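The values are calculated or read from the model by the stated rules, or taken from the named source; none is laboratory data. Remember, it's a predicted structure, so these values are computed and weren't measured experimentally. Note that each Cβ is placed from the backbone with ideal geometry, even for glycine, and that neighbours are counted across all protein chains shown.
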């Protein structure tokens, strides 16, 4: 077995000894897992540069990862299922996304939130897979060897992209302060720095003498291989690319094997081998969000859901808010946290089934390798409006010509969470994120879609264990006229007071990195023709009329979108706003409230009916929300236990908007 040892460095009671229903208390195990894999094994052959990694005396490639496990203290009281949570930049997203836990710092104790997974009896596991995750307490990472040749360490070109939200003279050569690739030569005359107004705009080359690999320190400028310095300053909203040579190429794809092999070990390993889950697990699932959802898509694409013994690792997977994207997870000089559009993040295939690209002639599909062996697990793709407006959502289920709906495999479901934004909703309403430094023209989308994820997990489990089919896929379709060109919606948003429309729109384009998979010989890539761009159709209020629609959409207080625009305060006004300020990053959505009173609506010229014109009272509004939620419960898109949460949130939204009505205006009405 590829896991050679599991070293538990700490064991502690979870959540202060809280007892979770009939399951009881949980414990938390933290430590290091050691791996040794055969680079010549067919199951490992898809890993880029694995044959260039150092080998031990047995010809095996060794690496290690941090790991963490939460499990019932009394295993027999659990549900005998593993939920393997794929880390997002070294941190696990599942407790926040399924347990509705608050966001805590990496070094702080895990928070159980509402305890949903614990009450269900799940064992939850995490494994470091990202080689460039920072050395920060609580962040789990992979420790991978560098690929080498007979001539020593490998050198090559890398492209680092960033979009600042404020004027700055220096930028770190990585995304989100992860471990960067340093320049091989501080004075490299062939290094290039470009500037663009937006990601599709022409590139302007900044003369080499105007910038350097350096950082400011007090009144001095210090040479630094990990930073780029521009004396005139990087302008907010502009997009910059640094193209330079680095030396040292970690075999980052080993993180995919770490996930596969720890998942397999926890399921099949024995107590004698040090497996804390030995003899307990009957079924295994995996969950990933955004970056880690894209990781799961790439994991499936490479056929890695079969271990070295050809055993299925995960019975079911939920890649959440990944849309059609992949990531830099199995590439030489990979930047797994990069959100750049002109990167391997945006390469085909997008759909589960095979398609032939009419432009390139390439035929491929996300599940091609697994389908060829007849070993496709159950997969639930869940995503939001943001992925459509990001340019890739529709590519999952509409063909590469934008002409027809694709057949969804029987092992797959595609759920579009209508009117939701990529990250979790933000309430109370605000348009500023002071932590990340970005600001939208509208308040951020406040819809909390986590009830949909909890129901999805329950439906996935019943699908796997009982053969009970989950609800049908729900997403925009051409044959129902619910997948439309975004330009067709511009007039509707133009009619709303104070609301703009994205300019330019986000589009995926064909990218040519060269003939060798995983090793870019074209850096940056050659840009080809764009893919079709389709988004969900809207009702007269501007809310999406397809997909899985929560009561917040069907009994609305506002227009909810999966996109927002950059405010002029952070530059690039009118461009679609991405979290973290990175070009091609994850989109933020909008909440555009209805006027509360008729006079307010008339004064602003808002064509949408006011809240008081729609609902006789708060009680009437909540009654309609309850009715809509009951329908969703009957359809199994939400669980009965989430009814109270939805009603509470709906009431808070109503009171918040009511509180913003001026007293004089309220009296007039």
Next item on the list: Spot the failing condition for residue 59; the list is (1) touching a helix residue (DSSP H, G or I) at 6+ places or on another chain (Cβ under 8 Å); (2) not in a strand (DSSP E or B), and only one is missed.
Entry: (1)
Next item on the list: Give 259, 246 a once-over and let me know the one that is surrounded by 16 or more Cβ atoms within 10 Å (Cβ to Cβ), modelled with pLDDT of 95 or more, closer than 27 Å to residue 52 by Cβ and more than 25 Å from the chain's Cα centre (by Cα).
Entry: 246
Notebook entry, point to check: What is the number of the single condition among (1) out of contact with any helix residue (DSSP H, G or I) (no Cβ under 6 Å at 6 or more places or on another chain); (2) more than 30 Å from residue 97 (Cα to Cα) that residue 252 does not meet?
Noted result: (2)
Note to self: Taking the criterion of being closer than 25 Å to residue 310 by Cβ, assigned to a loop (DSSP other than H, G, I, E, B) and either touching a helix residue (DSSP H, G or I) at 6+ places or on another chain (Cβ under 6 Å) or in the same structural domain as residue 133 (by TED's automatic domain parsing) (or both), would at least one residue in region 30-39 satisfy it?
What the structure shows: yes
Item checked: From the options 147, 133, 189, 125, residue that is assigned to a loop (DSSP other than H, G, I, E, B) and surrounded by 17 or more Cβ atoms within 10 Å (Cβ to Cβ) -> 133
Margin query: Let me spell it out: the conditions are (1) more than 22 Å from the chain's Cα centre (by Cα); (2) part of a loop (DSSP other than H, G, I, E, B), and residue 349 meets all of them except one. Which number is the exception?
Written below: (1)
Note to self: Which numbered condition in (1) assigned to a helix (DSSP H, G or I); (2) surrounded by fewer than 20 Cβ atoms within 10 Å (Cβ to Cβ); (3) at pLDDT below 95 is the only one that residue 375 fails?
What the structure shows: (1)
Next item on the list: Tell me which of these residue 106 doesn't satisfy, since it passes every other one: (1) surrounded by fewer than 19 Cβ atoms within 10 Å (Cβ to Cβ); (2) out of contact with any helix residue (DSSP H, G or I) (no Cβ under 7 Å at 6 or more places or on another chain); (3) modelled with pLDDT of 95 or more.
Entry: (3)
Margin query: Among the residues in region 12-19, are any surrounded by fewer than 18 Cβ atoms within 10 Å (Cβ to Cβ), over 28 Å from the mean Cα position of the chain (by Cα), in a loop (DSSP other than H, G, I, E, B) and without any contact (Cβ under 8 Å) to a residue 40 or more places away in the chain?
Written below: yes
Checklist line | Residue identified as touching a strand residue (DSSP E or B) at 6+ places or on another chain (Cβ under 6 Å) and more than 19 Å from residue 313 (Cα to Cα) among 60, 75 | finding: 60
Check: Do the conditions hold for residue 195, that is, is it out of contact with any strand residue (DSSP E or B) (no Cβ under 8 Å at 6 or more places or on another chain), surrounded by fewer than 21 Cβ atoms within 10 Å (Cβ to Cβ) and modelled with pLDDT of 95 or more?
Finding: no
Next item on the list: Test residue 223 against the stated conditions and say whether it is more than 30 Å from residue 574 (Cβ to Cβ), in contact with a strand residue (DSSP E or B) (Cβ under 6 Å, 6 or more places away or on another chain) and at pLDDT 95 or above.
Entry: yes
Next item on the list: Considering each residue of region 62-89, count those that are over 11 Å from residue 123 (Cα atoms) and in contact with a helix residue (DSSP H, G or I) (Cβ under 7 Å, 6 or more places away or on another chain), and give that number.
Entry: 7
Check: Can you name the number of the only condition in (1) in contact with a strand residue (DSSP E or B) (Cβ under 8 Å, 6 or more places away or on another chain); (2) closer than 28 Å to residue 466 by Cα; (3) surrounded by 16 or more Cβ atoms within 10 Å (Cβ to Cβ) that residue 114 fails?
Finding: (1)
Note to self: Return the residues of region 384-415 that are crowded, with 24+ Cβ neighbours inside 10 Å and either on the phi > 0 side of the Ramachandran plot or part of a helix (DSSP H, G or I) (or both); say none if nothing qualifies.
What the structure shows: 385, 386, 387, 388, 389, 391, 393, 394, 395, 396
Note to self: Can you find a residue that is under 25 Å from residue 290 (Cβ atoms), touching a residue at least 24 places away in the same chain (Cβ under 8 Å) and in a loop (DSSP other than H, G, I, E, B) anywhere in region 459-469?
What the structure shows: no
Next item on the list: Could you please find all residues in region 192-219 being over 29 Å from the mean Cα position of the chain (by Cα) and not in a strand (DSSP E or B)?
Entry: 206, 207, 208, 209, 210, 213, 218, 219
